[in-house]
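S.K.: Take a look at the following structure, please.
The values are calculated or read from the model by the stated rules, or taken from the named source; none is laboratory data. Because the structure is predicted, anything quoted here is derived from the model rather than measured. Glycine also receives a Cβ, built like all others from the backbone with ideal geometry; neighbour counts cover every protein chain displayed. These area figures cover heavy atoms from the full protein model, side chains too; ligands, DNA and RNA do not enter into them. Shrake-Rupley method; radii C 1.70, N 1.55, O 1.52, S 1.80 Å.
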Amino acid sequence: MKSIGSLVLCSVLLYAENMDALLDGFDDAPVEATENVKASNNTQLLDKFDQNDSVVIEKNKTIMIPGVTGKITEQLAYSYLGTKPHDNLTSMKSSLFLDYEHKFENDWRIKTNFKAYYDAIYDLRDGSYSEDELDKRRSDLMLFDAYVQGSLVDKLDMKLGRQVIVWGRSDTIRITDVLNPLDNRRPGMVDIEDLRLPVTMAKFDFFYGDWRFSPMAILEQRFTLNPPFGSDFNPQADPHLPENTPNDVTYALSLGGEFSGWDINFYAANIHDDAGYLKQSGIPTMEHPKVNMFGTALNVLNGSWLFKMEMAYLDGLHFTSTQEKAFERVDGLIGMEYNGIAETMISYDISLRHFNGYDSRLLNELNPLKQDTYQQALRISSDLMHDTLTLNYLISLYGEKMNEGGFQRAWMKYELDQGINANIGIVDYIGSSALFDAVKNNDMIFADISYSF
């Protein structure tokens, strides 16, 4: 009985270890305008330079609209293949997002925002929902961004507080993007801008010529919110395992240069592993050991083509099936975007994750981790009707021959009126692997309407 119990615990947490693989790339990363980068003749390339950077004419001259803004959203989700209680109408979520931003005369600014939601389906529908699902999905109130930002001296900026820092170039596959966890409690239902969770950091930007050096201290340790136990994306029972949540300070830095037609970044970080593993010595406990990450990302613009490359080396990875043994992994990605068709963008990315010093114990029947893991993603987006209608399609498949599962998503956004937008789409999960076979019947149709003020 003891061995069976251990097997169940391993199954539960091995499932969690690869949730990131299941959820990578559900939507494209948004282009935000929050920090400062030098102006360039290639604005298309600049949009890719850093998600947290804005294209401005002069440093610290970004145009801001002070005050409170927000968005109210009503969303429905329908699962036509699911089993009770996760079948038919599975979500009736009401969301409120409030944002406050103020810019001072000395060009310093403060920004904070909150998000609250309530899913009425859990009170309107009879169903044997697990306690973990009710606790994590019925309602939530969360502080998102909360930071102060400005220039300490000439060519030296600071940003202190909860924030999102996006590393890398790919819009669909995370390789060097390791600093912020995700909210994956209901995967595939929201845009990536709502999936990344801000983390409290102290970030400094030193500008020298065409280069920017950015050391940062990560003051808050947060980890990805995975689907709750007993839910449609994690049907296993809650093992009620303790989790060792570290509260130390970790560090990261980036060095980026931007030039005519291309840009490059170098990254380094000593952070806690987001996925973690089940340490079985003594009382089984979820641990998040420290890992080292070194990476680089490159963008090259040539006419209507944008070519992307990312590489990352990770050291200190631990897994439940191998316990104390640490692994090294090399992740690589190449991709391209084509913008030669009016109002249309087509992108394709392919990645490979390779274990050095592979151990056959990783290839277990509960959650096999192969020595080489391939992922490919194709995304198409087109704006129609004077940019009031946007059509999107995304497919991501795993395996060297694209035969190990994945998902596809098609959705459209329509501007009904100023500040009022409608969104409707479908998510299809594709089987052919143990991980995706477990969720392939969670295909959903979703629709929402939002009002921004």
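S.K.: Could you derive backbone 3J(HN,Hα) for the range 384-389 from the dihedral phi with the Karplus parameters 6.51, -1.76 and 1.60 (θ = phi - 60°), listing whole Hz in sequence and x where the residue is Gly or Pro?
M.R.: Values per residue, Gly and Pro as x: 10, 6, 6, 6, 8, 10 Hz.
S.K.: Specify which residue in the list HIS354, TYR398, GLN418 is farthest towards the positive end of the charge dipole of the range 347-453, using unit charges on the beta carbon of Lys, Arg (+1) and Asp, Glu (-1), about the Cα centre.
M.R.: Farthest towards the positive pole: HIS354.
S.K.: Using alpha carbon coordinates only, what is the Rg to Rh ratio of the range 335-453, with Rh defined as the Kirkwood radius?
M.R.: 1.10
S.K.: How would you rank 399-410, 244-255, highest first, on the average number of other Cβ atoms within 10 Å across their residues?
M.R.: With the highest mean Cβ count within 10 Å placed first, the list reads 399-410, 244-255.
S.K.: For the range 399-415, just list the computed ³J(HN,Hα) in residue order, Karplus coefficients 6.51, -1.76 and 1.60, θ = phi - 60°, integers in Hz, with x standing in for Gly and Pro.
M.R.: After applying 6.51 cos²θ - 1.76 cosθ + 1.60, I find x, 4, 10, 6, 10, 10, x, x, 7, 9, 9, 10, 7, 9, 10, 10, 8 Hz.
S.K.: Next question, about the same structure. Out of residues 5 or more away from ARG174 or on other chains, whose amide H comes under 5 Å of its own, with H placed 1.01 Å from N in the peptide plane?
M.R.: GLY25
S.K.: Moving to a separate point now. Please work out whether the range 175-318 counts as rounded, prolate or oblate from its C-alpha gyration tensor, where a ≥ b ≥ c are the square roots of the eigenvalues and a/c under 1.5 means rounded, while otherwise a/b larger than b/c means prolate and anything else oblate?
M.R.: Verdict is prolate for the range 175-318.
S.K.: With the other protein chains left in place, how much accessible area per residue, in square angstrom, belongs to the range 320-453 at a 1.4 angstrom probe?
M.R.: The answer is 49 Å² per residue.
S.K.: Roll a 1.4 angstrom probe over the protein heavy atoms and tell me the percent of accessible area of the range 295-453 that is carbon or sulfur.
M.R.: About 59 percent, which is the carbon plus sulfur part of the accessible surface.
S.K.: Can you give the extra length, in nm with one decimal, that the chain gains between ASN356 and HIS102 once fully stretched, where that is 0.36 nm per residue apart less the Cα-Cα distance?
M.R.: 86.6 nm
S.K.: Let me ask you something else. When the accessible area of the range 96-253 is split by element with a 1.4 Å probe, what percent falls to carbon and sulfur?
M.R.: 57
S.K.: Through the Karplus equation 6.51 cos²θ - 1.76 cosθ + 1.60, θ set to phi - 60°, convert the phi angles of the range 157-164 into ³J(HN,Hα) values in whole Hz; use x for Gly and Pro.
M.R.: 10, 9, 9, 10, x, 5, 7, 10
S.K.: Name the shape class, rounded, prolate or oblate, that the alpha-carbon gyration tensor gives for the range 131-172, where a ≥ b ≥ c are the square roots of its eigenvalues, rounded holds for a/c under 1.5, and otherwise prolate holds if a/b is larger than b/c and oblate otherwise.
M.R.: oblate
S.K.: Between LEU253 and GLU324, what length in nm is gained on full extension when 0.36 nm per residue of separation is reduced by their alpha carbon distance?
M.R.: The LEU253-GLU324 span can extend by a further 22.8 nm.
S.K.: Highest mean first, how do 305-318, 129-142 rank when packing is the count of other Cβ atoms within 10 Å averaged over residues?
M.R.: 305-318, 129-142
S.K.: Here's something else I'd like to know. What does the accessible area per residue of the range 149-208 come to in Å², with a 1.4 Å probe and no ligands, DNA or RNA counted?
M.R.: 28
S.K.: Take the range 102-241, compute every pairwise Cα distance, and split them into 10 Å bins from 0; I just need the percent in each bin.
M.R.: Values per bin, smallest distances first: 10, 31, 31, 17, 9, 3, 0.
S.K.: Separate question: Amide H of SER91 versus every other amide H placed in the peptide plane: which residues, excluding those fewer than 5 positions away on the same chain, fall under 5 Å?
M.R.: Correct list: ALA77.
S.K.: Given axes a ≥ b ≥ c from the Cα gyration tensor, I'd like to know whether the range 164-227 is rounded (a/c under 1.5), prolate (a/b larger than b/c) or oblate.
M.R.: oblate
S.K.: Something else about it: Could you please report the charge total around GLY257, scoring K, R as +1 and D, E as -1 over all other residues with beta-carbon less than 10 angstrom from its beta-carbon?
M.R.: Spelling it out: positives minus negatives among the neighbours equals -2.
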